[in-house]
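Following: one structure in structure tokens, then a few remarks.
The values are calculated or read from the model by the stated rules, or taken from the named source; none is laboratory data. Keep in mind the model is a prediction, meaning the values are calculated, not measured. So basically every Cβ, Gly included, is an ideal-geometry build from the backbone, and we count neighbours across all protein chains shown. Just so you know, the surface numbers come from the protein's heavy atoms only, side chains and all, with ligands and any DNA or RNA stripped out. Shrake-Rupley method; radii C 1.70, N 1.55, O 1.52, S 1.80 Å.
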Amino acid sequence: MSLALETPAAAERSVMEPVAARLASVAKETHDTFTLNLEPPEGDPVAVFQPGQFSMLYVPGVGELPISISGDPERREQLTYTIRSVGQVTYQLVTRRPGDTIGIRGPFGTAWPMKESRGKSVLIVAGGIGLAPLRPAIYHILRHRGDYNRLVVLYGGRSPRDLLYKKEFAAWGMLPDTQALATVDYGGVSWRGYVGVVTTLFRHVRMQPKETVAMLCGPEIMMRYASRELETRGIPPEQIHLSMERNMKCAVGFCGHCQMGPYFVCKDGPVFPYTSMKPYMDLYEL
Amino acid sequence: MIPTAVGAALKDHPFLEGVPERLLDKLSQLAFEVTFEEDQIIFREGDPSSFFYLILSGLVALELAAPGRVVTIQTVGDGEELGWSSLMSRVDKQFRARCMKPVKALAFDGARVAAECEEDHEFGYLIMRRILVTVAERLRSTRMQVLDVYSARGGQIK
Ligand SMILES: Cc1cc2nc3c(=O)[nH]c(=O)nc-3n(C[C@H](O)[C@H](O)[C@H](O)COP(=O)(O)OP(=O)(O)OC[C@H]3O[C@@H](n4cnc5c(N)ncnc54)[C@H](O)[C@@H]3O)c2cc1C
Ligand code: FES
């Protein structure tokens, strides 16, 4: 498929105009989730991103969606996205073939607090597809290992077959000063790891809470429980950061689609300090 | 005074954090160390509840037989307790407990601990309070699992 779209030079482009990128490869992660590697035009700013930011991916004639960048921020020649097929647009994205063209806008939004976390331990808590937006933060820490203290990655999924990046995850767990623990809601007899919600892994974590920055991404209800529990365990709430999800259209703060209280998730987020999100996460009527 | 290795293990176990020494002493007299091999069954669903365990190391799967498959609904590991129902009368085991990794634990005869709880209410209160915390935690986890937050519907009820 080709994109009936000219990519103007970056300087002349409006934020609403997508860049045409070639789909280089598609890898199956699980039964419903795929990782796409896209090649944007060489040197285009669309590929310069911070861990936690997202792009708008556009399939002509179908629609446009916010998808977090899940690759290494220092590999500028490719943009990587991990997409779970849940509806029309995500299905169209994961069924593209290498060589096809996909439109990209971005990168958009706020990033994980990588600079502020220097000298501290980092606790990553991911649920389901939520590991994708956190993976660039992990890559960043592993590339700049001396800047950070311990790295702990806790990951919860529905079942063993739903877990992402299995080989890579196991390799993280073997690195010095790094713990990587996964748990599932339901395990079969062949699963030899933890079973239970992700918060049950907290008791296995060895780190100084006051010197720890927590980064969370996953279903909102999971982040709510996990943030509360991390606070109870002594992590200051301003050191807990969450990535929020809301439906988006413009991604640049024009349309109001992604509003959450006084915030626009597309430009004030998706990464927020827990202290800003707490009043809105506990609301029963939204 | 708690002289033995069992006593030291009891004192360090998170389940008993903050329990006064007099009561730890009492518990240590009821405790004995046990080990289980990988894949060994500690108890089966429907067994009468007899022993209560404080796990020192290893990992245990709590399993349920569903038609055509066995599902692990929770794992319990070091620093946690297993078999609280043995302290309640007339409650049979609700799950099968199978070792996923070799397990070392302190075991207690549930009926004897329950009898001590009846006799010494301070002791009974502390034990029951801790069990209640465990049961409440597991209930909360179960509710989250039932919500199925990672499914494509992301926990939405439609
Ligand atoms: C900042 C941001 C970053 C994101 N990053 C990623 C990412 O890296 N990978 C990724 O796969 N998705 C990501 N998403 C979510 C993605 O944008 C949505 O899944 C997408 O909008 C669904 O569109 P669709 O047309 O495929 O499904 P729709 O046709 O809109 O929805 C189909 C069904 O799926 C359900 N659904 C929609 N979205 C979700 C969801 N997020 N989770 C569970 N069920 C859903 C709907 O309730 C509906 O029942 C992100 C969203 C935001 C806001
Ligand atoms: S998506 Fe338009 S304001 Fe956020």
In whole percent, the fraction of accessible protein surface over chain B that belongs to carbon or sulfur atoms, probe radius 1.4 Å, stands at 54
Based on DSSP H runs of at least 4 residues, each adding -39500 (n - 2.57), what is the mean residue ellipticity at 222 nm of the protein assembly as shown after dividing by all its residues, to the nearest 500 deg cm²/dmol? -7000 deg cm²/dmol
By accessible area with a 1.4 Å probe, ligands and nucleic acids excluded, highest first: order of B:HIS13, A:HIS140: A:HIS140, B:HIS13
Give me the inter-chain shielding for B:136-143: mean count of other chain Cβ atoms within 10 Å, whole number please. 3
Which longest uninterrupted range of chain A lacks any GluC sites (Glu not before Pro) assigned by DSSP to a loop state (not H, G, I, E or B) and surrounded by at most 16 other Cβ atoms within 10 Å? A:117-284
What percentage of the solvent-accessible surface of chain A, computed with a 1.4 Å probe over protein heavy atoms, is contributed by carbon and sulfur atoms? 51
What percent does the relative contact order of chain B come to when contacts are Cα pairs within less than 8 Å and at least six residues apart? 26
Using Cα centres only, tell me the gap between region A:211-271 and region A:83-139 in whole Å. 14
Of A:ALA251, A:ALA24, A:ALA171, which is the most mobile in a GNM of chain A whose springs link Cα atoms less than 10 angstrom apart? A:ALA171
Under a 10 Å cutoff between Cα atoms, tell me which one of B:GLY83, B:GLY18, B:GLY68 has the largest fluctuation in the Gaussian network model of chain B. B:GLY68
Tilt relative to chain A, helix A:131-143 - C-alpha long axis, 0 to 90 degrees, to 10: 80
Excluding ligands, DNA and RNA, what is the accessible area buried between chains A and B, summed over both sides, using a 1.4 Å probe, to the nearest 100 Å²? 2400
Here the net charge surrounding A:SER121, from other residues whose Cβ is less than 15 Å away from its Cβ (Lys, Arg +1; Asp, Glu -1), is +3
Over chain A, with a Gaussian network built from C-alpha contacts below 10 Å, which listed residue (A:GLY103, A:GLY193, A:GLY52) shows the highest mean-square fluctuation? A:GLY193
Mean accessible surface per residue for the protein assembly as shown, computed with a 1.4 Å probe while every protein chain stays in place, in Å²: 47
Counting only residues 5 or more apart in sequence or on a different chain, those whose built amide H sits under 5 Å from that of B:LYS101 are B:ASP39, B:LEU59
Can you compute the charge dipole magnitude of region A:3-108 about its Cα centre, using +1 on each Lys and Arg Cβ and -1 on each Asp and Glu Cβ, nothing else charged? Give it in debye, rounded to the nearest 20. 260
Are there any residues in region A:142-162 with a reduction of at least 20 Å² in accessible surface when going from the isolated chain to the assembly of protein chains? Probe 1.4 Å, please list them by number. A:ARG158
Looking at chain A, what % of its DSSP beta bridges pair antiparallel, to the nearest 5? 55
